[in-house]
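Structure record follows, encoded as C-alpha cells.
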Amino acid sequence: MELSLARVDYLQVGVTAQKSMRLLPASGRKATQKVVVGDQDGVITCFGIKKGEAVPVFKTLPGQKISRLELGGALNTPQEKIFVAMGSEVRGFTKRGKQFLSFETNLTESIKAMHISGADLFLCASYIYNHYCDCKDQHYYLSGDKINDVLCLPVDKVNCITPVLACQDRVLRVLQGSDLLYEVEVPGPPTVLALNNGSGGDSGEEIVYGTSDGKLGLIQITGSKPIPKWEIGNEKKRGGILCIDSFDILGDGVKELLIGRDDGVLEIYNFESADDPVLKYDHALSESITSIQGGCVGKDGYDEILASTYSGWLTGLTTEPVHREGGSGEELKLSQEMQSKISSLRNELEHLQMKVLQEREKYQQSSQSSTAVSSVPAFSVNDKFTLNKDDASYSLILEVQTAIDNVLVQSDVPVDLLDVDKNSAVVSFSSCDSEPNSNFLLATYRCQANTTRLELKVRSIEGQYGTLQAYVTPRIQPKTCQVHQYQIKPLSLHQRTHSIDNDRPMNTLTLTGQFSFAEIHSWVVFCLPEVPEKTPAGESITFYFQNTFLGTQLESTYRKGEGCFKSDNISTISILKDVLSKEATKRKINLNISYDVNEESVRHTLKLIHPKLEYQQLLAKKVHLIDALRELQVHEGNVDFLLPKYRSILEEADQLLEEYKRQPAHLERLYGMITDLFIDKFKFKGTNVKTKVPLLLEILDGCDQDGLIAFFEAA
C-alpha cells in the first residue's frame with residue numbers, strides 16, 4: 001500500500017526539548033485532537049486546528065525551561081492530565097489549563113527524564129532515579145552513567161512496577177524497587193525508550209529503544225532476563241533517534257513505528273512480516289525532531305503524523321489530499337478559502353515588517369544616547385560532539401534556533417576536517433601560526449540563507465590533545481557570537497565497549513601511589529572519551545575500550561592507590577604512561593610506574609594495520625594515475641588497448657576521487673601510527689631509534705608486511 005502524505009506547518013513556539021509534545025485523547029472516534037507542547041521559555045501551549053488555523057485552548061505564562069511533558073491520569077481511563085518537568089519541579093494541568101499540582105522534588109539537579117503511570121511518578125536527573133507514589137518518595141537508585149530516558153512497563157499487564165533506565169554507557173538498567181534487577185547491553189548509547197505498540201505488546205514487556213548513533217531495537221523485558229527480538233542498524237548513516245511513537249497511519253489495523261531523528265529525518269516502519277520492521281516512508285525536515293505523535297489533528301477523519309522540531313515548529317504530515325477531486329464549484333470554494341488565507345497572511349506580514357522597522361529605529365535612537373547600554377540578544381545552541389565508529393571521526397553538530405550566518409572553527413591540536421555530504425556551507429581556511437600560539441586549525445564555514453543546522457567532521461591524532469572551539473554567529477542584529485568548546489582527549493579515537501578479546505597479546509601498565517579513587521578516575525576521564533565524570537560507586541571499576549581506527553583494545557581497572565591498564569597496542573600504553581605521569585606531577589603525587597611489554601603485541605598490531613595500509617596505498621596509486629589515463633583517453637579516442645586493471649581505474653575514477661577526497665591524510669595517519677609504534681617499542685627498552693625512521697618510511701612505501709615485521713624485530 002503506497003503512502004502519500006502532505007506537509008502542513010501549523011504553529012511555532014519557543015525552542016523545544018526532547019519528548020515535550022503530546023496529543024490529548026480525542027473526544028470521539030476520528031474526531032480531531034488537541035495538541036499540547038512545552039518549550040524552553042517555560043510556556044505550555046495547547047491548541048486545536050479549525051479550518052487549517054491554530055486555535056488556542058490555553059497558554060501558560062513563561063517560567064523555567066520545560067524538559068519533559070507527559071500525559072497521565074488514573075489507570076484504564078483517558079490519559080488527559082498534562083504533567084511538565086521544569087527544573088526540579090513537576091506541575092500538573094487539566095486539559096483546560098487549570099493547574100492542580102505543583103510538586104517540588106528533593107532533586108538537587110534539573111529533571112532530565114520523566115514517566116507517569118497512574119499515581120506513580122518516575123523521575124531522573126543526570127545519575128539519580130527517583131520513584132514517587134502520590135508525591136511520596138518510594139525508591140531511589142544511583143546509576144553508573146548518565147540516564148537519558150526512563151520508562152515503566154504497564155502495571156495492569158505485568159502486575160508489578162518494573163522501571164527501565166536508558167543509560168549513556170550503552171546499557172538498559174531494569175530495576176526492582178531500589179535495586180538493579182539486571183542490565184541489558186544495547187549496540188549504542190540509548191537516547192529514547194517507548195512501549196511497543198504503545199502498550200508493551202501482548203505481554204506488556206516489549207520495549208523499543210533508539211540510540212544516539214541511529215540504531216533501533218526491540219527487547220522483551222521479562223522478570224528474569226532480557227529477550228532481544230530485533231535490531232536495525234543505521235546503514236544510511238542517518239542521525240541519532242530522539243523520539244518514537246506507534247500509530248496505524250496506513251489504516252491496515254497494525255500500528256506502524258514512527259521515528260524522529262536529530263538530523264530532521266522522519267521515518268515510518270511497517271511490520272509487513274511478523275519479524276523485523278521495514279522502512280515504508282521517510283521525510284526530511286531541516287532540523288532535529290524532538291517529539292513525534294500519530295493522531296488526527298488537522299481535519300476529522302484524516303490521520304496524520306505530528307512532529308515538533310528543535311526551533312519550535314509543529315509540523316504535520318497528513319493523509320488528507322492536497323488537491324481535491326471534484327467539480328469546479330468545489331475548486332472555486334477552495335480557491336476563495338485560499339485567497340482569504342493568503343490575504344490575511346499578507347496583512348500579518350506587513351504588520352510585522354512595520355513593527356520590526358519601528359523597533360529597529362527605537363534601538364538605533366537609544367543606542368546613540370549618552371546613557372546607552374547595548375543589549376546582546378540571547379540565542380540557544382543545541383550541540384553534539386560524538387565519535388563515529390564507522391570512520392573513526394568526530395561529528396560536530398551545531399543547531400541554532402535562528403539561521404546561522406557563519407561558524408569559525410579553531411583548534412590548538414592538529415586535526416583534519418573531513419567532507420560532509422549534507423553540508424552546503426562554503427568553507428575557507430586561514431593560515432595559522434602553530435609555533436607560539438599552538439594554533440593548528442582556523443576554518444570558517446559561511447552558511448547559506450535559512451541554514452539552522454550545520455554538521456562538521458574532524459579526525460584527531462591520538463596522543464595529541466587539546467581543545468576544539470566553535471564560534472557560532474547567527475543572522476541576528478546586533479551581531480553576537482557564542483563560543484563552544486570541545487575537548488580532544490589523548491586517546492580520542494577510543495570508544496567504550498561491553499567486552500574485549502582476552503586471547504590477544506597484551507601489554508600492561510601498572511601505577512601505584514598515594515592517590516584517591518576520585519583522583520585516578522579524574523585522570524582516566526581526562527584521557528578517554530565516554531567515561532562518566534562522576535566517580536563510580538564501589539571500591540574499584542573496570543572499563544573496556546576499542547580503538548575505532550585500528551580495532552585495538554584497552555582494559556582499564558583501577559581503585560584507590562592502584563591502576564592497571566592493558567592494551568594490545570604499545571602506543572596506547574605509551575600515551576597513557578606520559579599523560580598520567582604529567583597529571584600526577586601537576587598534583588605533586590609520586591607515582592610508581594611499572595610495565596610489562598609483550599613483544600608479540602607489536603607483530604599483532606602491525607597485522608591489524610597492514611590491510612588498511614595496503615588499501616590506502618593502492619587507492620593513492622590509482623588516484624595518481626587517473627589524470628594520465630584520462631589524457632590518453634582524450635588523445636587515443638578509446639581505451640581498448642589498455643590493460644583491464646587500467647580500464648577499471650578509468651571506469652571507477654569518480655568513486656575513487658570521491659573516496660580519496662573524503663579521507664584526506666588517511667595514508668599519512670597510518671604512516672604516523674606505524675612510526676609511533678616503532679618509536680614506542682624501543683622507548684620502553686630505553687633506546688632512541690628516531691634516526692632509523694627514514695629507513696622505516698622507505699620500507700612502508702614498498703608495502704611488504706613481512707619486510708616491515710622483520711625491520712621491527714631486527715632494529
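The values are calculated or read from the model by the stated rules, or taken from the named source; none is laboratory data. Here the structure is a predicted model, which means the values were calculated and not measured. Cβ coordinates were reconstructed from backbone atoms using ideal geometry, including for glycine residues, and neighbour counts include every protein chain displayed. Ligands, DNA and RNA are excluded from the accessible area calculation, which covers all protein heavy atoms including side chains. Shrake-Rupley method; radii C 1.70, N 1.55, O 1.52, S 1.80 Å.
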>> Give me the tail of P(r) for the stretch 216-294 as a percent: Cα-Cα pairs with distance above 16 Å.
In response: 54
> Once phi is turned into θ = phi - 60°, what whole-Hz ³J(HN,Hα) does the Karplus curve with 6.51, -1.76 and 1.60 give for every residue of the stretch 248-264, x standing for Gly and Pro?
Replying inline: 8, 7, 7, x, 9, x, 10, 6, 8, 9, 9, 10, x, 10, 7, 9, x
> Mind checking the alpha-carbon convex hull of the stretch 494-597 and giving the volume per residue in Å³?
Replying inline: 93
> Once amide H atoms are placed 1.01 Å from N in the peptide plane, what residues at a sequence separation of 5 or more from Val171, or on another chain, have their amide H within under 5 Å of its amide H?
Replying inline: Val186
> Roughly how many nanometres apart are two label points built 7 Å out from the Cα toward the Cβ at Lys237 and Gln176?
Replying inline: 4.5
>> Above 20 Å lies some portion of the pair distances; for the stretch 381-469, what is it as a whole percent of all C-alpha pairs?
In response: 35
> List the chymotrypsin sites (Phe, Trp or Tyr not before Pro) in the stretch 610-682 that DSSP assigns to loop (not H, G, I, E or B) and whose Cβ has at most 15 other Cβ atoms within 10 Å. Which are they?
Replying inline: Phe641
>> 5 Å is the cut-off here: which amide hydrogens, built 1.01 Å from N in the peptide plane, fall below it relative to Thr191, excluding neighbours closer than 5 in sequence?
In response: Gly210, Thr211, Ser212
> Tally Lys/Arg at +1 and Asp/Glu at -1 over every other residue whose Cβ is under 14 Å from the Cβ of Val174; what's the total?
Replying inline: -4
> Which whole-number percent is the relative contact order of the chain (Cα, under 8 Å, 6+ apart)?
Replying inline: 7
> What list of ³J(HN,Hα) values in whole Hz, one per residue of the stretch 490-504 in order, does the Karplus curve 6.51 cos²θ - 1.76 cosθ + 1.60 (θ = phi - 60°) give from phi, with Gly and Pro shown as x?
Replying inline: x, 10, 5, 8, 8, 10, 4, 9, 7, 7, 10, 8, 7, 7, 6
> Which option, (i) -0.72, -0.88, -1.03; (ii) -0.81, -0.96, -1.09; (iii) -0.60, -0.78, -0.97, is the value of log10 I(q)/I(0) by the Debye sum over Cα atoms at q = 0.07, 0.08, 0.09 Å⁻¹ that was calculated from these coordinates?
Replying inline: (iii)
> At what distance in nm do the modelled label points of Val597 and Ile709 sit from each other, each positioned 7 Å from its Cα along Cα→Cβ?
Replying inline: 1.9
> Points 7 angstrom from Cα along the Cβ direction at Asp701 and Phe684: gap in nanometres?
Replying inline: 3.1
>> Which order do the peptides 224-236, 342-354, 563-575, 459-471 come out in when sorted by mean C-beta neighbours inside 10 angstrom, highest first?
In response: 563-575, 459-471, 224-236, 342-354
>> Hydropathy at least 1.0 by Kyte-Doolittle, axial extent at least 30 angstrom from the Cα trace: which helices of the chain, defined as entire DSSP H runs, fit?
In response: none
> When the C-alpha atoms of the stretch 522-650 are aligned to their principal axes, what extent does each axis show, in angstrom, from largest down?
Replying inline: 74, 32, 26
> What's the carbon and sulfur percent of the chain's accessible surface, probe 1.4 angstrom, rounded to a whole number?
Replying inline: 49
>> Please list, ordered by chain and number, the residues whose modelled amide H lies under 5 Å from the amide H of Ala665; skip anything fewer than 5 residues away on the same chain.
In response: none
> With Cβ to Cβ distances under 9 Å as the rule, what net charge do the other residues near Trp313 carry (K, R +1; D, E -1)?
Replying inline: -2
>> Given a Förster distance of 45 Å, report the FRET efficiency between Ala54 and Lys607 from their Cβ-Cβ distance, rounded to the nearest 0.05.
In response: 0.10
